[in-house]
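*Asks:* This is the structure I have questions about; it appears just below.
Here, each number is a calculation from the coordinates, and none is a lab measurement. What you see is a predicted model, and the numbers here were worked out from it, not measured in a lab. Every residue, glycine as well, gets a Cβ built from its backbone with ideal geometry; the counts of neighbours run over all protein chains shown.
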Amino acid sequence: MDWTEIRADWPAYARVIAQRWPEVAEADLLALDGEREAVIDTIARATGMERTVAGAELVEWQMGEPPVDVLMDETRDNANIRESARHIPEGEDPLADDDAFGDERVPDPPMGRD
């Protein structure tokens, strides 16, 4: 993960970092607005580890894939919807009528009956 991406989605990443280092308060992380050096200082202070160790742990965490919690965070809803357009084949209208499936006019059977 690139830190510029992390900083762009800071509220979502702050939650994940607070889960990774539970000694760090999420509110404290949110106030840092994604400033990397301040995040390292906050992790070091909250956990009692040396700053270099906290920095190394943050780098190790950063080398992983973006957490699903971040990718699916509600702050990214609009971006995720825009990105989903890549999966619609060219020429297909996503708002087209689904009559081609043939079951729109068939009523559902009553409850408990086949």
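*Asks:* Which net charge results for the neighbourhood of Gln19, defined as the other residues with beta-carbon distances under 12 angstrom from its beta-carbon, given Lys and Arg at +1 and Asp and Glu at -1?
*Replies:* -1
*Asks:* Note the listed values [x] 19.6; [y] 17.5; [z] 14.7, then indicate which one is Kirkwood radius over Cα pairs in Å calculated from this particular structure.
*Replies:* Of the labelled values, this structure produces [y].
*Asks:* Using Cα springs under 10 Å in a Gaussian network model of the chain, which residue among Glu60, Glu92, Glu26 shows the largest mean-square fluctuation?
*Replies:* Of the options given, Glu92 has the highest mean-square fluctuation.
*Asks:* How much net charge surrounds Asn80 when only the other residues with a Cβ under 14 Å from the Cβ of Asn80 are counted, with Lys and Arg +1 and Asp and Glu -1?
*Replies:* -3
*Asks:* Another question, then. If I build a Gaussian network model for the chain, linking alpha-carbon pairs within less than 10 angstrom, which residue out of Arg45, Arg82, Arg36 has the largest mean-square fluctuation?
*Replies:* Among Arg45, Arg82, Arg36, the largest GNM mean-square fluctuation belongs to Arg82.
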